[in-house]
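Shown next, in structure tokens, is the structure this report addresses.
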Amino acid sequence: MGEEGSIAVLMPVHNAEAYLREAMESILTQTFENYSLIVVDDGSCDSSWSIIEEFQDKRIVKIRLPESKGIVNALNTALDVADTEFVARMDADDTARSDRFEKQVAFLESHPEVGVCGSSINMIKGGLSCYVRYPENHDEILCSLAIFKRSFCHPTVMIRRSLLEGLKMRYTDDYRHAEDLSLWHALVRETKFYNLQEPLLAYRVHTEQVSSFCKEEQIRQTRDLLNRTVPKYFPSLSAQTRNDLLTLITPEKNPKRDDVKQIDLPELYARMEVANRDDKLAEPEIFNGVLLAKFLEAVFKRYLGFRNTAFVLVRVLRKNPGLFLNDVSRLFLHVRHHLPSVGAR
């Protein structure tokens with residue numbers, strides 16, 4: 001194990017000239033100083049490497065790959081040279097708050113049972129910025145992973161490197177556009193997860209992201225991964241109910257498509273409540289809260305076509321989030337409680 005309290009920051013870079021300098025500066029101005037920044041240029045054909053070369057800070061490890069082999073290879077290349085107690089992720093188009101590492105290291109050192117620590121974020125899209133909350137404790141995160149709800153923001157995460165070594169964990173090309181989700185499913189049974197609720201990262205949304213130009217492949221890989229993991233979380237689900245759930249939770253380019261519209265949402269909601277009770281994934285109060293939030297998102301996508309309700313509802317939620325969510329929750333549960341009793345799943 002590396003020096004106690006030390007961090008290796010993994011930053012893969014591919015044609016990131018527009019935001020790279022700002023991202024690197026946000027790391028180099030951290031209040032916590034015991035770290036190295038491992039920057040891997042994944043065969044960029046813009047000025048990214050020149051920008052990296054401008055920085056002469058001794059804490060930077062610079063690696064230039066002759067050709068692009070993707071983010072998974074870049075991350076694993078960085079992991080191969082990391083020799084620290086903690087590994088932190090950072091993207092080349094985001095900015096970290098100056099006290100991000102100080103906050104995360106302090107939490108991990110005082111909570112030895114937690115192996116993965118992320119945070120909430122400020123999401124930036126054009127001129128709009130909004131706070132996006134990520135689930136806080138392990139059970140919330142576990143439930144969120146099980147039904148593909150927001151669980152971790154990958155570039156906010158700090159991980160105990162011993163976990164990756166002990167399990168011989170690496171990012172996998174099997175899910176090269178869902179590499180983070182694959183890692184969370186592999187680690188969630190091995191350690192405790194936690195998200196600090198402060199927004200320690202400004203996450204930028206733009207058209208050059210992988211999620212923008214590799215969307216169809218990302219959808220395919222995500223569905224394949226979920227098809228493998230959902231039965232492990234909910235072994236009691238029937239094949240039909242599992243298929244309905246996968247159809248609902250896998251992101252689609254067109255959320256109004258017919259097979260999504262045909263799903264009886266309250267009925268599926270009730271079946272998932274029963275499955276959690278039988279399979280004992282988490283306490284019902286925790287699971288039902290996560291489930292309701294996920295289905296609320298599904299309702300907006302299904303009937304209104306909103307892909308990111310955070311921006312659509314930001315003004316309403318800022319004014320009175322408690323009243324809004326309380327009214328929607330009561331309405332949803334009122335509808336569900338008037339359904340016939342749920343039979344076999």
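The values are calculated or read from the model by the stated rules, or taken from the named source; none is laboratory data. Just so you know, these numbers come straight off a predicted model, no measurement behind them. Here the Cβ is made from the backbone with ideal geometry for all residues, glycine too, and neighbour counts use every protein chain on show.
Worth pointing out:
- None of GLU140, GLU136, GLU165 is under 15 Å from the mean Cα position of the chain (by Cα), more than 23 Å from ASP94 (Cβ to Cβ) and surrounded by fewer than 23 Cβ atoms within 10 Å (Cβ to Cβ) except GLU140.
- Checking PHE101 against (1) farther than 14 Å from ALA8 by Cα; (2) at pLDDT 95 or above, the condition it does not meet: (1)
- Within the stretch 110-129, residues that are in contact (Cβ under 8 Å) with a residue 60 or more places away in the chain and closer than 16 Å to LEU142 by Cβ reach partners that are small (Gly, Ala, Ser) and outside any loop (DSSP other than H, G, I, E, B) with beta carbons closer than 9 Å, at six or more positions or on different chains, in the pairs GLY115/SER162.
- Test: residue in the stretch 21-30 that is in a loop (DSSP other than H, G, I, E, B) and buried (at least 16 other Cβ atoms within 10 Å of the Cβ): yes
- Filter pass, ILE7 being over 21 Å from the mean Cα position of the chain (by Cα), on the phi < 0 side of the Ramachandran plot and either buried (at least 17 other Cβ atoms within 10 Å of the Cβ) or modelled with pLDDT under 95 (or both): no
- In the condition set (1) over 18 Å from the mean Cα position of the chain (by Cα); (2) assigned to a loop (DSSP other than H, G, I, E, B); (3) not aromatic (Phe, Trp, Tyr), ASP91 is compliant with all but (1).
- Within the stretch 243-262, the set of residues being at pLDDT 80 or above and either within 25 Å of GLU285 (Cβ to Cβ) or not in a loop (DSSP other than H, G, I, E, B) (or both) comprises ASN243, ASP244, LEU245, LEU246, THR247, LEU248, ILE249.
- Subset of the stretch 143-160 [of a type outside the set (Gly, Ala, Ser), in a helix (DSSP H, G or I) and crowded, with 21+ Cβ neighbours inside 10 Å]: CYS143, LEU145, PRO155, THR156
- The set of residues from the stretch 1-20 being under 25 Å from PHE107 (Cβ atoms) and not in a strand (DSSP E or B) comprises MET1, GLY2.
- Any hit, the stretch 112-128, residues being surrounded by fewer than 14 Cβ atoms within 10 Å (Cβ to Cβ) and assigned to a strand (DSSP E or B): yes
- The sole residue among VAL40, VAL61 that is assigned to a strand (DSSP E or B), β-branched (Val, Ile, Thr), more than 29 Å from HIS185 (Cα to Cα) and over 21 Å from the mean Cα position of the chain (by Cα) is VAL61.
- Any chance SER98 is free of Cβ contacts under 8 Å to residues at least 60 places away in the same chain, polar (S, T, N, Q) and not in a strand (DSSP E or B): no
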